[in-house]
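Reading through the structure tokens given below for one structure.
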Amino acid sequence: MRPIMSENAGTPRSLGSPGRRARPGRGVPFEVHDPPGAMMHIEARTLDEAVARNAFTGVATVDVGERRTLERCEGFLHRGLRVPMTADTRIAIASGSKAFTALAVMRLVEDGTIGLGQRVRGLLGDDLPLIADAVTIEHLLTHTSGIGDYLDESADWEATDFVLTVPVHMLTTAEAFLPLLGGHPQQAAPGERFAYCNGGYMVLAVLLERVTRMTYHDAVRRLVVDPAGLERTGFLPLNDLPGDAAPGYVLDEGDLVNTLHLPVLGNGDGGAFTTAADLHRFWCAFLDGRIVTRDTVAEMIRPRHDVPGEGLRYGMGFWLHAVHPALVLEGYDAGASFRSTHIPGTRTTLSVLGNSTEGAWPVIRTFAAAVDAEPRRPGNS
């Protein structure tokens with residue numbers, strides 16, 4: 001689902017889970033020096049308080065170039081078995097992996113298989129007839145298609161709600177989502193305005209399957225994950241997780257997991273599992289032009305829309321900090337709370353991966369405040 005806090009916002013939209021306190025973890029302050037002398041700083045006490053506020057369970061890291069300057073592992077990889085969290089635990093990142101969908105599409109744009117201005121109707125055929133004929137691939141990538149969304153982001157819902165209307169075990173390919181994606185009228189004319197849309201990225205996943213004749217997951221692995229060298233990133237079945245992958249816990253306490261609340265396999269609108277180290281590796285590979293060309297990178301991170309409700313800007317598959325030259329991925333779902341921010345100038349990645357619905361947000365806000373406090377320099381966009 002969509003991000004629900006911005007780096008300038010105070011509190012994410014609550015899902016109603018209880019705000020229990022946890023044992024503060026160990027931590028030390030860190031300083032990241034950004035030439036010509038600016039400093040990013042997080043106090044150990046501030047971070048301890050954030051960890052305790054919503055019973056954070058997950059991993060929080062800061063990587064600067066080849067050096068990890070902060071690492072916190074809190075809570076449990078598996079609560080029932082009391083398996084502690086570790087830095088290399090694979091954790092789901094919800095909408096954070098929309099970037100993988102966007103990059104896979106842009107790989108096909110680069111090789112001429114599809115075009116940004118191409119209308120999607122030609123690939124959809126008679127499927128999803130309520131999508132306007134004028135909708136293009138670029139509209140879907142930039143959340144400006146105006147199509148109706150299969151997940152109503154404006155609706156109030158609780159972490160324990162079951163929001164999907166088909167059996168979740170059937171959702172193993174993008175094509176399997178077609179019954180969910182259909183029946184939602186166009187909400188605005190294509191290109192008229194920005195409106196965050198999970199359904200748009202699922203339509204992109206359907207197009208990827210049709211063009212590549214692979215499953216969405218295989219296409220993303222070939223086009224994005226393998227070129228970036230992400231050995232611990234992928235889409236894992238929620239009903240058959242390996243031992244190093246963390247189940248997503250719906251509430252701050254207890255053993256209720258999200259297996260019946262989400263698709264059994266994540267897809268075009270989110271749900272990949274990854275690690276903090278792979279996230280830093282991803283950012284560096286992306287900006288170095290090892291997934292798409294540097295010209296395509298520049299096009300994807302070009303600010304296209306101010307999104308005041310999120311306190312961010314949007315490019316193409318990536319959120320952008322409101323004032324700093326920083327890139328943001330964020331995700332929120334039952335059993336997942338996530339943000340990764342990358343500052344290209346210093347190759348600094350701040351990542352918070354939480355395996356509960358609400359637990360990570362105080363830590364995410366603490367990291368975001370450190371980024372917000374960075375002084376602006378001439379040339380910063």
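The residue that is nearest to ALA276 (Cα to Cα), among those in segment 321-343 that are touching a residue at least 60 places away in the same chain (Cβ under 8 Å) and surrounded by fewer than 23 Cβ atoms within 10 Å (Cβ to Cβ), is ILE343.
The number of residues in segment 251-270 being β-branched (Val, Ile, Thr) and more than 18 Å from the chain's Cα centre (by Cα) comes to 2.
Those strands (runs of 3 or more DSSP E) of segment 280-378 in which 3 or more residues are over 15 Å from the mean Cα position of the chain (by Cα) occupy 305-307.
Any idea which of VAL352, VAL371 is of a type in the set (Val, Ile, Thr) and surrounded by fewer than 24 Cβ atoms within 10 Å (Cβ to Cβ)? After ruling out the rest, the residue left standing is VAL371. Of all residues in segment 196-242, exactly one satisfies the criterion of being of a type in the set (A, V, I, L, M), free of Cβ contacts under 8 Å to residues at least 24 places away in the same chain and either buried (at least 19 other Cβ atoms within 10 Å of the Cβ) or more than 23 Å from GLY115 (Cα to Cα) (or both), namely LEU241.
Values quoted throughout were computed directly from the atomic coordinates according to the rules given, and no laboratory measurement underlies them. Because the structure is predicted, anything quoted here is derived from the model rather than measured. Using ideal geometry, Cβ is built from the backbone for each residue, glycine included, and neighbour counts are taken over all protein chains shown.
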